[in-house]
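Peer 1: Handing you this structure, nothing more for now.
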Amino acid sequence: MAPQPTDWTTDYDIFDKGYIKNPFPVWDELREQCPVAHTGRWGGSWMPTRYEDVFAIARDVEHFSSRNILVANVAPPPDADDGMGGELIQQYNVGAPPITSDPPEHTWARKLLLPPFSANAVAKWEPETRELCRELIDGFIANGRADGASDYAQQIPSRVIASMLGIPKDMAGTFTEWVRGFLELGLTDPELRRASGRAIFEFLYACIQERKANPGDDLISYLLTSEVDGEPVPEPHVLGTCFLLLVAGIDTTWSSIGSALWHLAQHPEDRARLINEPELMPQAIEELLRAYSPVTMARIVAEDVSYNGCPMSEGDRVLMNFPAANRDPRVFDNPDDVILDRAKNPHVAFGVGIHRCAGSNLARMEMRVALEEWLRRIPDFRLEDPEAVTWAGGQVRGPRTMGIVWP
Ligand code: HEM
């Protein structure tokens with residue numbers, strides 16, 4: 001195990017266990033002492049923690065490329081030769097557009113995705129999501145306890161995206177395993193990451209072949225029948241985008257729902273407010289997203305640049321620490337307090353600029369429905385043992401085991 005950092009300004013460790021569990025004091029210190037910190041660990045990176053810097057770098061697509069958005073360089077990037085899908089990926093040279101593309105490809109790749117993820121399009125999935133949440137709660141309510149992360153939060157996004165892609169919902173557990181293998185555990189375990197990436201690609205490749213033969217009313221068919229400049233969307237692009245949808249929507253939303261439950265389990269006054277003032281829910285969701293933002297992305301420096309005096313070289317990695325930006329006291333009053341009806345909340349949990357989350361309407365709907373259904377059936381609950389809660393961190397931060405009990 002690597003020694004713990006003694007100086008976080010020059011040697012931070014995003015996989016340090018204490019940091020994953022409670023990164024907030026480190027960010028507070030860095031914001032004041034060294035707003036763009038640096039480390040040589042995990043392939044090396046720069047880490048801005050002030051809102052202003054995260055915002056500026058995320059919008060500067062000329063100097064900061066999205067060609068690799070992983071926060072650690074422990075395994076070859078998705079577009080590298082034998083990156084993760086072996087021959088299939090090599091042959092296709094698949095990335096995960098639009099998140100791994102820069103303009104001009106990014107522009108059409110993103111435009112393609114927006115219609116099926118508009119607020120109206122997403123509303124269609126709300127009844128099914130609600131039904132799913134009810135079934136999950138039915139499964140454990142009589143026990144007086146459940147794991148809020150693995151029995152509930154984890155189960156929701158994987159099933160919803162499976163429905164949208166038109167792939168079997170009983171594969172949801174397998175998807176979650178693959179996605180964790182790729183994005184969470186695999187970030188420090190290259191073999192696992194490669195195997196998980198390959199499994200996802202091979203599975204989706206087979207789905208695409210099947211859907212070419214039997215088109216349906218699903219996202220894969222939508223992508224296959226869409227056109228760009230009068231031409232069908234190239235199949236490798238469809239594969240990369242489906243890969244992204246599976247990977248981007250599962251860990252992230254699961255983590256947000258889990259963190260929200262973690263907060264509510266410890267704050268009876270906030271539970272009471274949400275139950276008595278249900279109209280507050282959309283605003284409360286924005287606040288929970290701000291306070292417990294799960295996602296950090298990365299950028300690759302496109303050419304040598306001095307950013308606020310930091311000598312960044314071409315190829316360097318920069319972490320888009322959206323979660324730290326969202327706790328910056330320069331922008332948010334009392335940033336460590338969760339104020340469910342916070343009036344001014346320009347949070348960047350979904351990013352900012354051209355790569356801003358394309359799935360935000362879906363994520364918000366899933367969070368809202370998951371919390372509404374939980375609070376309706378289990379209004380009074382607490383953590384079984386706060387110390388026993390385990391957290392994942394790095395790219396996506398959120399609780400992974402979280403015993404919750406109720407009377
Ligand atoms: C609470 C849950 C979620 C959070 C916090 C979140 C966060 C983010 C962030 C921060 C980015 C910006 C990436 C960057 O700047 O490099 C992003 C991009 C993206 N997200 Fe999400 N996301 C969530 C859920 C979802 C869901 C459910 C989907 C769809 C299934 C999704 C699909 C995407 C896509 C396609 C992009 C790339 C957009 C582009 O590059 O133009 N996300 N997300």
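Peer 1: Go through (1) of a type outside the set (A, V, I, L, M); (2) modelled with pLDDT of 95 or more; (3) out of contact with any helix residue (DSSP H, G or I) (no Cβ under 6 Å at 6 or more places or on another chain) one by one and return the number of the condition His355 breaks.
Peer 2: Of (1) of a type outside the set (A, V, I, L, M); (2) modelled with pLDDT of 95 or more; (3) out of contact with any helix residue (DSSP H, G or I) (no Cβ under 6 Å at 6 or more places or on another chain), only one is false for His355: (2).
Peer 1: Going residue by residue through the range 106-114, is there one that turns out to be outside any loop (DSSP other than H, G, I, E, B), of a type in the set (A, V, I, L, M) and at pLDDT 95 or above?
Peer 2: For the range 106-114, residues outside any loop (DSSP other than H, G, I, E, B), of a type in the set (A, V, I, L, M) and at pLDDT 95 or above: absent.
Peer 1: Go through the range 300-323 residue by residue and tally those that are in contact with a strand residue (DSSP E or B) (Cβ under 8 Å, 6 or more places away or on another chain), in contact (Cβ under 8 Å) with a residue 12 or more places away in the chain and farther than 18 Å from Arg41 by Cβ.
Peer 2: Total meeting the criteria: 7.
Peer 1: Further, regarding this structure: Check Leu264, Leu239, Leu289 and return the single one that is assigned to a helix (DSSP H, G or I) and over 30 Å from Asp337 (Cα atoms).
Peer 2: Residue meeting the stated conditions: Leu239.
Peer 1: Which count do you get for residues in the range 160-188 that are without any contact (Cβ under 8 Å) to a residue 60 or more places away in the chain and either touching a Gly at 6+ places or on another chain (Cβ under 6 Å) or outside any helix (DSSP H, G or I) (or both)?
Peer 2: Counting residues in the range 160-188 that are without any contact (Cβ under 8 Å) to a residue 60 or more places away in the chain and either touching a Gly at 6+ places or on another chain (Cβ under 6 Å) or outside any helix (DSSP H, G or I) (or both) gives 3.
Peer 1: Glu303 - would you say it is away from the ligand (no atom under 16 Å from the Cβ) and touching an Asp or Glu at 6+ places or on another chain (Cβ under 6 Å)?
Peer 2: Taking the combined requirement at face value, the residue satisfies it.
Peer 1: If you don't mind, there's one more thing I want to ask. Among the basic types (Lys, Arg) and surrounded by fewer than 21 Cβ atoms within 10 Å (Cβ to Cβ): which single residue out of Arg130, Arg193 fits that description?
Peer 2: Arg130
Peer 1: Please verify whether Leu261 is over 22 Å from Leu112 (Cβ atoms), touching a helix residue (DSSP H, G or I) at 6+ places or on another chain (Cβ under 9 Å) and within 16 Å of the ligand (Cβ to nearest atom), treating the condition exactly as stated.
Peer 2: It is true that Leu261 is over 22 Å from Leu112 (Cβ atoms), touching a helix residue (DSSP H, G or I) at 6+ places or on another chain (Cβ under 9 Å) and within 16 Å of the ligand (Cβ to nearest atom).
Peer 1: Here's a check for you: in the range 339-365, which residue that is within 7 Å of the ligand (Cβ to nearest atom) and not in a loop (DSSP other than H, G, I, E, B) is surrounded by the fewest Cβ atoms within 10 Å (Cβ to Cβ)?
Peer 2: Residue satisfying both the conditions and the ranking: Ser360.
The values are calculated or read from the model by the stated rules, or taken from the named source; none is laboratory data. The shown structure was predicted, so the numbers you read here are calculated from the model rather than taken from an experiment. In this analysis, Cβ positions are derived from the backbone assuming ideal geometry, glycine residues included, and neighbour counts consider all displayed protein chains.
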